[in-house]
Amino acid sequence: MTERVVRIFSRFERFWHWAQMVLIFALMLSGFRVSGLHDGLDFETAVTLHMVSALALIVLWAFSIFWHMTTGTWRHYIPTSKGLIAVARFYMWGIFKGERHPYRKAFWRKHNPLQALTYLMLKVLLFPAIWVTGLLYLGYSLWEDLPNSADLLWAIAGVHVIVAFMIAAFVIAHVYLLTVGPSFSEHVAPMITGFDKIDLTPEEEAYLEADEPDSLK
Amino acid sequence: MQKRTRTRLGLAIVAMLFATGTALAETPARTTETRTPGTSTADHSQFEILQQDFKTGPEVTAACLSCHTEADDQVRQSIHFTWEFEHPVTGQLLGKRHVINAFCGNVVGNEPRCTSCHAGYGWTDMHQPPPQQSAAVDCLICHDRSGGYTKLSTGAGHPPMSTKGETITGAPAKPVDLRSAALSVGLPGRENCGQCHFYGGGGDNVKHGDLSSALFDPPLSVDVHMSPDGQDFACSTCHVSEAHQWAGSRYAMHASDPEGTGLPGPRRAVATCQSCHDNAPHPMTLTGIKLNDHTDTVACQTCHIPEFARGGVATKMKWDWSTAGRLENGKPLSIGGYIQGDGEDRHTYLSTKGDFEWGENVVPYYAWFDGQMEYTTGDQTIDPTRVVEVNHFGGGPEDGQSRIWPFKRLIGRQAYDSVNDHLIYSQVWGPTTDTAFWTNFDWGKAIAAGMKAAGMPYSGQYGFVDTHFYWPITHMVAPATDALKCEDCHVENGRLGDIAGIYMPGTRPLGLANVLGLLILAASVAGVALHMGIRLLSRKVPHHD
């Protein structure tokens with residue numbers, strides 16, 4: 001095992017991440033306006049912004065799902081119990097003692113097990129939940145003739161809002177965890193430059209040096 | 001290079017999504033050409049039979065009928081003449097001839113005064129149907145284009161032929177030149193309809209709230225359809241007619257109009273917004289599509305008539321009959337004090353009518369409305385401990401045809417039979433009688449006489465009861481820029497705050513979902529704060545790489 005500075009986030013992955021960030025912030029700002037929590041912009045603008053951002057995000061998701069599947073990147077999110085307890089213990093205890101983070105990033109495992117599990121839950125639970133409720137909400141006029149449709153809409157909108165807050169809670173924890181480390185900027189840098197320190201196997205190192213020298217520093 | 005192309009393709013698709021909204025243009029309303037004098041194939045001023053010095057209204061009518069042989073039959077079957085309407089849904093017998101309202105109450109017993117607005121001549125007794133002779137139809141009140149024809153306020157429909165009295169609009173009477181009126185005839189203009197419909201209830205805009213003399217020449221901000229700067233419509237542009245039967249009823253309305261513009265050619269049976277504008281009138285932008293989604297819930301009028309009684313003419317919002325009859329030194333009082341937008345001083349108290357409150361630029365009352373008006377008629381038992389709905393209506397989200405409509409709601413206080421618990425008929429007008437309230441200021445006599453005229457049992461005891469009276473608001477459509485904004489309703493305690501049966505985002509900032517969500521968010525913030533706090537307190541720099 002050698003620690004090398006390796007490109008682990010491709011251009012698309014970084015675009016996906018930051019575009020998603022912008023869209024999610026736009027959705028939260030406009031969504032909280034629509035649900036009446038602030039009046040920082042007018043309702044019509046908020047609704048329009050919310051619809052446009054949501055549709056753009058869905059398109060982005062469609063592309064990113066395709067990208068994950070075709071590149072095999074989806075494997076980063078396979079849940080594993082290996083090292084999970086250690087990472088959890090670190091965040092709840094070891095971090096206060098000044099211990100070293102127990103996880104070493106690998107080329108095909110760039111997220112720690114807790115992080116991977118969190119992202120997986122986000123992708124398979126929260127995102128689909130907000131996507132499905134949002135589309136049902138958007139398409140209300142297609143099913144409004146069902147009995148009790150107003151109550152159904154209330155329930156769907158309620159779930160949509162609660163899930164939105166869960167995603168907001170994720171964002172808070174996600175940003176906070178960037179401060180856990182030497183510095184915030186150093187922690188954000190890989191998602192900007194694409195490069196991070198990774199433990200490579202000799203085979204991976206040899207492959208990258210031979211076939212993708214641009215991916216190594 | 002390949003990667004870059006892929007990214008660009010993705011961006012292009014996102015950009016296309018943004019662009020589709022503005023690509024499609026707004027569909028304009030289908031307009032029916034305003035009928036103006038001068039498009040007719042007949043110049044009535046050249047007709048010999050009209051070149052007479054007519055002495056009475058019926059003489060003119062007889063001349064009209066010498067060519068328009070079927071017109072009298074048609075008019076006599078219209079509600080303008082019968083004042084009677086059998087409701088097709090509720091079966092109630094309505095019409096001015098029968099109903100009690102919260103304004104001057106009832107026609108029966110007050111005939112020549114109330115029937116001064118009848119589209120005929122000489123209806124002096126409500127117990128009889130309106131006069132059936134052909135010449136009893138008043139052609140001129142609708143078709144005079146000279147501007148000189150009017151009706152005397154107490155003449156059972158006849159025009160003033162001297163300077164005695166006043167006209168139905170409250171102007172001093174002057175003899176009508178029937179010859180020039182007859183020579184001028186054409187299709188009705190707003191001056192014709194307005195003489196009665198703008199002055200109902202005893203004065204300008206007293207009744208409707210959305211029909212006033214402001215509509216004779218309104219600025220665009222008051223009525224986009226009737227303003228000379230807008231469409232300059234006559235009333236009959238929307239209230240289309242066929243054989244002297246007009247579209248548009250307050251008793252049995254189209255609360256919604258799924259047919260929209262219908263087949264080619266103007267529809268003759270409806271006066272709905274949709275009959276010109278269709279059910280998807282907003283442009284195909286994201287906002288427009290969303291607004292079109294609203295048309296199955298909200299009447300067009302709800303957003304597009306943000307306030308009624310605009311243009312400087314106030315409408316009566318409260319009418320308390322119970323205080324009427326107060327005299328000073330034996331003389332009736334007439335107290336002004338409400339200066340309306342156009343500068344006119346309106347009465348706030350009259351010994352003849354009681355206390356009034358006026359309103360201008362009034363925010364409507366909103367309710368689900370299925371279009372079918374029911375009346376509390378004189379034979380119905382009321383509950384005097386509660387506000388009596390003199391007219392009332394149903395509707396809700398489930399029936400598919402109701403919409404949320406704007407209303408003028410008149411708050412009234414009017415007499416009732418306190419033993420039988422019935423609304424009463426009263427005789428208010430009758431200058432030569434000993435019983436009329438406006439002459440003798442004695443409710444006991446006025447009610448007894450009114451009940452006798454109506455043929456209703458009366459206990460002899462009366463009291464006053466609080467009432468509501470509803471007028472659907474449908475005129476005075478404002479320019480689109482003045483229409484309601486989303487946040488007029490999508491806000492806590494907004495305009496539709498009392499409406500049940502719909503989910504409206506933004507109206508409950510502290511609803512269940514938001515509260516649960518905020519708790520989740522608070523837990524997350526608290527967790528992070530706690531974690532950070534312990535980290536800072538333990539003062540150890542962790543190694544994380």
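The values are calculated or read from the model by the stated rules, or taken from the named source; none is laboratory data. Predicted model only: the values in this text are computed from it and were never measured. Don't worry about glycine lacking a Cβ; one is built from the backbone with ideal geometry, like all the others, and counts go over all protein chains shown. With ligands, DNA and RNA removed, areas are computed over all heavy atoms of the protein, side chains included. Shrake-Rupley method; radii C 1.70, N 1.55, O 1.52, S 1.80 Å.
Summary table
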read-out	value
Helix runs (DSSP H) in chain A reaching 27 Å along axis by Cα, Kyte-Doolittle at least 1.0	A:43-71, A:149-177
Among the listed pairs B:55/B:174; B:316/B:408; B:96/B:331, those beyond 21 Å (Cα-Cα)	B:96/B:331
Dimensions (Å) - the range B:71-123, Cα atoms, principal axes, largest first	32, 30, 13
Per-residue average of Cβ from other chains inside 10 Å of B:498-507	5
GluC sites (Glu not before Pro) within the range B:273-357, DSSP loop, no more than 15 other Cβ atoms inside 10 Å	B:344
Net charge of Cβ neighbours under 9 Å - reference residue B:363; Lys, Arg +1; Asp, Glu -1	0
Shielded by partner chains, the range B:266-291 residues - at least 10 Å² of accessible area, 1.4 Å probe, vs chain alone	B:286, B:287, B:290
For the range B:231-373: relative contact order, % (alpha-carbon pairs under 8 angstrom, 6 or more apart)	23 percent
Residue-averaged beta-carbon neighbours from other chains (10 angstrom radius) around A:39-45	4
Count of lysine pairs in the range A:2-215 with Cα separation under 17 Å (8 or more residues apart, or interchain)	5
Total accessible surface hidden between B and A, rounded to 100 Å², 1.4 Å probe	4700 Å²
The range A:23-145 - percent relative contact order, Cα under 8 Å, separation 6 or more	19 percent
Cβ-based net charge around residue B:203, under 11 Å, with every Lys or Arg adding one and every Asp or Glu removing one	+2
Accessible area in square angstrom per residue, the protein assembly as shown, 1.4 angstrom probe	48 Å²
Kyte-Doolittle mean at least -1.0 and Cα axial length at least 15 Å: DSSP H helices in chain B	B:2-23, B:443-454, B:512-538
Helix-only CD estimate at 222 nm, as mean residue ellipticity for chain A, using -39500 (n - 2.57) per DSSP H run (n ≥ 4)	-20000 deg cm²/dmol
Estimated Rh, the range A:23-152: Kirkwood, alpha-carbon pairs, angstrom	17.9 Å
Top positive-direction residue, dipole computed over the protein assembly as shown with Cβ charges, set B:224, A:1, B:441	A:1
Per-residue HN-Hα couplings for the range B:345-354 [Karplus 6.51, -1.76, 1.60; θ = phi - 60°; Hz; x = Gly/Pro]	8, 9, 5, 10, 8, 9, 4, 6, 10, x
Rounded percent of accessible protein surface that carbon and sulfur make up, the protein assembly as shown, 1.4 Å probe	60 percent
For B:513-526, mean number of other protein chain Cβ atoms within 10 Å	6
Test item: Cα-centred dipole of the range B:31-183, Lys/Arg +1 and Asp/Glu -1 on Cβ, debye	460 debye
Highest to lowest packing among B:520-526, B:317-323, A:66-72, B:176-182, scored as the average C-beta count within 10 Å	B:176-182, B:317-323, B:520-526, A:66-72
Ordering of B:471-477, A:97-103 by burial proxy (mean other Cβ atoms within 10 Å per residue, highest first)	B:471-477, A:97-103
Cα radius of gyration and Dmax for the range B:243-347 (Å)	21.6, 68
Diffusion coefficient, µm² s⁻¹, Stokes-Einstein with Kirkwood Rh over alpha-carbon pairs of chain B at 20 °C and 1.002 mPa s	80 µm²/s
Mean ellipticity per residue at 222 nm, deg cm²/dmol - from DSSP H runs of n ≥ 4 across chain B, formula -39500 (n - 2.57)	-6500 deg cm²/dmol
Cα point-scatterer Debye curve for chain A, base-10 log of I(q)/I(0) at q = 0.15, 0.16, 0.18 Å⁻¹	-1.09, -1.19, -1.40
5 angstrom amide H check on residue B:388, placed H, neighbours 5+ away	B:466, B:467, B:468
Proximal charge balance of residue A:152 [Cβ under 13 Å; K/R count +1, D/E count -1]	-3
Rg(Cα)/(2.2 N^0.38 Å) for the protein assembly as shown, N = residue count	1.35
